[in-house]
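Structure, as structure tokens:
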Amino acid sequence: MTRSSGILLPVSALPGKYGIGCFSKEAYAFVDFLEAAGQKLWQILPLGQTSYGDSPYQSFSTFAGNPYFISLEALIEEGVLTEKECDGADFGSDATSIDYGKMYEARYVVLRKAFERSHVEKDADYVKFCEENSFWLDDYALYMAVKADHDAKCWSEWEDDIRLRKPGAMERYREKLAKDIAFYQYLQYQFSRQWGQLKDYANAKGIQIVGDLPIYVAFDSSDAWANPKLFQFDEDCKPIAVAGCPPDGFSATGQLWGNPLYDWQAHKRAGYEWWIKRMETCYKLYDIIRIDHFRGFDSYYAIPADAPTAESGAWEDGPGYELFEAIEKQLGKLNIIVEDLGFITDSVRELVARTGWPNMKVLEFAFDSRDDAGVNDYIPYVYNKNCVVYTGTHDNETLYGWLDSISKDDRRMVETYLDEKGADRKRLVHSLVALAMSSVADRCVIPMQDYLCLGNEARMNEPSTLGKNWKWRMRAGMATDALAKEIYEMSVVYGRTRRKKSNRKQSATADKE
């Protein structure tokens with residue numbers, strides 16, 4: 001594989017008008033920035049519609065896109081919205097932080113106006129989109145419409161007839177909420193259209209999109225409501241056990257995610273059809289898929305549904321290689337990145353090795369002075385080529401913030417490894433980025449915050465906390481030409497991109513002078 005590099009920046013974190021990053025001109029400008037910087041990868045977070053807690057890993061549907069990412073400017077150009085209507089809505093006033101409360105209150109009101117004026121039912125492309133995606137879109141649109149009709153309550157709180165999908169109730173709500181159902185279908189059509197155009201633009205410039213696939217779906221989702229037999233539910237469609245992870249460095253009591261667990265035997269009996277469709281849909285959205293919490297396919301942590309913390313959970317066997325064998329048989333060779341962070345067993349390592357997919361190496365995990373041997377899986381000199389190196393992920397502190405929070409012994413270890421004793425934080429951030437770029441790993445992905453040398457005010461997520469995550473946005477003007485040139489030169493030096501011919505000619509001319 002040719003060496004390459006890229007940048008991790010969620011769509012939500014892009015600058016721009018109207019409260020959140022979206023598929024607007026700023027997204028296209030960021031693609032131009034990536035091209036100028038010699039980058040071949042743009043890694044993003046899940047594109048799904050966020051629910052309570054605002055996490056992209058808790059979505060109302062694993063198949064649906066987030067309507068917040070629909071560019072209002074594009075709808076203005078279509079003539080279904082006016083600039084005055086969009087400017088007059090309150091999406092929040094802080095350009096560096098997303099106000100999800102205001103987004104929820106204002107965005108759908110504006111989008112509804114666009115739908116009412118669109119006459120989309122006459123659009124042949126819309127009709128085709130609805131037909132081709134009916135296997136998930138019909139349930140999703142009905143789910144969202146019924147949810148809105150029930151004051152946004154989770155499906156577990158609906159009346160039994162619709163909660164349990166009785167045929168009479170399903171038909172009654174389809175008729176009663178026909179207009180609302182069409183609205184949610186329209187939103188998905190617009191999302192698909194706009195994202196497809198942006199992805200095509202990136203691909204034309206040689207940039208691949210690395211998408212993020214959460215292993216689990218949310219309980220409050222059309223996935224769980226429409227497919228109860230595929231999850232560990234009792235006869236009343238209530239969870240028996242839920243997902244999470246045991247106590248670790250992130251949390252002393254473990255992480256209680258609350259996602260429903262799969263009934264893997266039911267998936268196996270169905271030939272893994274649901275998973276095949278899920279992966280097929282993902283490959284329409286992304287070029288490369290990073291599977292979050294990959295170890296859950298080897299064994300997963302099951303927590304009793306009524307447990308207050310994750311401490312009482314137990315490990316259960318997952319589907320293993322058989323699942324991916326079934327998917328590849330239908331879809332062909334998969335382009336996957338394995339997220340294998342955390343407590344990893346030999347059986348997980350064997351599964352990763354059997355797939356042949358690259359796994360992740362995170363530099364922030366490499367410098368632990370408590371390790372007597374001074375060696376762990378994340379220190380660069382133990383890497384093989386078939387991996388992806390990161391300075392940090394969306395769950396980590398920024399490098400600048402991390403260097404301020406680690407122990408003196410760990411900081412000393414970083415400085416010694418880099419031969420940067422006494423260096424200030426900004427210098428160490430630059431050196432750690434260079435360390436990742438210079439490593440033997442085939443791919444290198446750096447969070448944009450680390451290139452910008454930002455502190456923990458720019459951290460995306462702190463696991464096991466609520467209320468402060470997923471909000472950060474890059475300020476307009478931060479992705480400068482000078483920064484692109486700096487990243488480009490580093491990428492050339494470390495063999496992750498080729499020097500452009502025009503630049504080589506200019507350099508030769510400069511040398512003669």
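The values are calculated or read from the model by the stated rules, or taken from the named source; none is laboratory data. The structure presented is a predicted model; accordingly, all values stated were derived computationally and were not measured. In this analysis, Cβ positions are derived from the backbone assuming ideal geometry, glycine residues included, and neighbour counts consider all displayed protein chains. Surface accessibility is based on the protein's heavy atoms, side chains included, excluding ligands, DNA and RNA. Shrake-Rupley method; radii C 1.70, N 1.55, O 1.52, S 1.80 Å.
Whether a residue is charged (D, E, K, R), modelled with pLDDT under 95 and surrounded by 21 or more Cβ atoms within 10 Å (Cβ to Cβ) was assessed, and ASP340 passes this test. One residue stands out among those in the range 480-513 that are in a loop (DSSP other than H, G, I, E, B) and open to solvent by 60 Å² or more (accessible area, probe 1.4 Å): the one that is modelled with the highest pLDDT, which is TYR494.
What do you reckon, is TYR52 free of Cβ contacts under 8 Å to residues at least 60 places away in the same chain and under 22 Å from the mean Cα position of the chain (by Cα)?
On the way: free of Cβ contacts under 8 Å to residues at least 60 places away in the same chain: no; under 22 Å from the mean Cα position of the chain (by Cα): yes.
Taking the combined requirement at face value, the residue does not satisfy it.
When GLN58, GLN39, GLN49 are checked against the criterion of being surrounded by 22 or more Cβ atoms within 10 Å (Cβ to Cβ) and under 30 Å from GLU486 (Cα atoms), GLN39 stands alone in meeting it.
Quick one: which of TYR104, TYR100 is among the aromatic types (Phe, Trp, Tyr), under 26 Å from the mean Cα position of the chain (by Cα) and crowded, with 19+ Cβ neighbours inside 10 Å? So that I can check it myself, show each step before the final result.
On the way: TYR104 fails: crowded, with 19+ Cβ neighbours inside 10 Å.
Of TYR104, TYR100, the one residue that is among the aromatic types (Phe, Trp, Tyr), under 26 Å from the mean Cα position of the chain (by Cα) and crowded, with 19+ Cβ neighbours inside 10 Å is TYR100.
For the range 374-416, residues that are of a type in the set (Asp, Glu), closer than 14 Å to LEU363 by Cβ and open to solvent by 60 Å² or more (accessible area, probe 1.4 Å) total 1. Here THR253 fulfils each of the conditions (1) crowded, with 20+ Cβ neighbours inside 10 Å; (2) β-branched (Val, Ile, Thr); (3) closer than 20 Å to LEU341 by Cβ apart from (1).
Looking at PRO304, PRO319 in this structure, which one is modelled with pLDDT of 95 or more, more than 23 Å from THR355 (Cβ to Cβ) and of a type outside the set (D, E, K, R)? Working first, answer last.
Values: PRO319 fails: more than 23 Å from THR355 (Cβ to Cβ).
PRO304 is the lone residue from the list that is modelled with pLDDT of 95 or more, more than 23 Å from THR355 (Cβ to Cβ) and of a type outside the set (D, E, K, R).
How about the range 301-317: which of its residues are out of contact with any Pro (no Cβ under 8 Å at 6 or more places or on another chain) and open to solvent by 20 Å² or more (accessible area, probe 1.4 Å)? Full working, then the answer.
First, the residues of the range 301-317 that are out of contact with any Pro (no Cβ under 8 Å at 6 or more places or on another chain): 302-304, 306-309, 314-317.
Hits for the range 301-317 are PRO304, ASP306, PRO308, THR309, ALA314, TRP315, GLU316, ASP317.
Name the single residue, out of those in the range 245-301 being in a strand (DSSP E or B) and aromatic (Phe, Trp, Tyr), that is modelled with the highest pLDDT.
TYR262
Among the residues of the range 304-326, those identified as outside any helix (DSSP H, G or I) and farther than 21 Å from ASP340 by Cβ are PRO304, ALA305, ASP306, ALA307, PRO308, THR309.
The residues of the range 428-473 that are in a helix (DSSP H, G or I), closer than 16 Å to VAL362 by Cα and of a type in the set (S, T, N, Q), listed by number, are SER431, SER438, GLN449.
Scanning the range 128-168 for residues that are without any contact (Cβ under 8 Å) to a residue 24 or more places away in the chain, open to solvent by 60 Å² or more (accessible area, probe 1.4 Å) and over 18 Å from PHE63 (Cα atoms) yields ASP151, LYS153, GLU157, GLU159, ASP160, LYS166, PRO167. Tell me yes or no: at least one residue of the range 101-118 is outside any helix (DSSP H, G or I) and modelled with pLDDT of 95 or more. No, there is no match, as no residue in the range 101-118 is outside any helix (DSSP H, G or I) and modelled with pLDDT of 95 or more.
Candidates in the range 417-436 are the residues that are open to solvent by 70 Å² or more (accessible area, probe 1.4 Å) and among the acidic types (Asp, Glu); of these, the one that is nearest to ASP368 (Cα to Cα) is ASP419.
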